[in-house]
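The values are calculated or read from the model by the stated rules, or taken from the named source; none is laboratory data. Note that the coordinates shown come from a computational prediction; the quantities given were computed from them, not determined experimentally. When we count neighbours, we look across all protein chains shown, and the Cβ atoms used for this are built from the backbone with ideal geometry, even at glycine.
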Amino acid sequence: MELLVASAIGILTAAGLYLVLRLRTFPVIMGVSLLTYAVNVFLFASGRLTVGAPPILTDATTYTDPLPQALVLTAIVISFGMTAVVVMISLGAFLGGNDDHVDDPKPEADAGDAS
């Protein structure tokens, strides 16, 4: 179980980093989303992966730590809001410049400029 979760975290992180390094805004947004998913799975797995255990400390012999679950729930809400803001910023940049490249193009040297 731990190997599967660790592999999923690694694959999500690698795919997210690959997409963040693209030159268009949509792959960058998708890459940031994949990185947030990887962090959420990592936080969730940090609370011990136990099946069928209650998340509240009671008289049970085994329990799951509820703090990572609360952190993941908060991170999901924050990442949704962050994604909405980034989509609106990238849409505004695309509509303002008719281009969705992440990096700024290099200014062309003017041939008549002798400075």
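Here 71, 34 are screened, and the one residue that is over 10 Å from the mean Cα position of the chain (by Cα) and either within 24 Å of residue 102 (Cβ to Cβ) or not polar (S, T, N, Q) (or both) is 71. Summed over region 29-62, residues that are of a type in the set (Val, Ile, Thr), within 23 Å of residue 4 (Cβ to Cβ) and either modelled with pLDDT of 90 or more or surrounded by 12 or more Cβ atoms within 10 Å (Cβ to Cβ) (or both) total 4.
Only one entry in 52, 47 is more than 27 Å from residue 94 (Cβ to Cβ), touching an Asp or Glu at 6+ places or on another chain (Cβ under 6 Å) and not in a helix (DSSP H, G or I), namely 47.
What single numbered condition from (1) in contact (Cβ under 8 Å) with a residue 40 or more places away in the chain; (2) out of contact with any Lys or Arg (no Cβ under 6 Å at 6 or more places or on another chain); (3) surrounded by 13 or more Cβ atoms within 10 Å (Cβ to Cβ) fails to hold for residue 65? Among (1) in contact (Cβ under 8 Å) with a residue 40 or more places away in the chain; (2) out of contact with any Lys or Arg (no Cβ under 6 Å at 6 or more places or on another chain); (3) surrounded by 13 or more Cβ atoms within 10 Å (Cβ to Cβ), residue 65 violates only (1).
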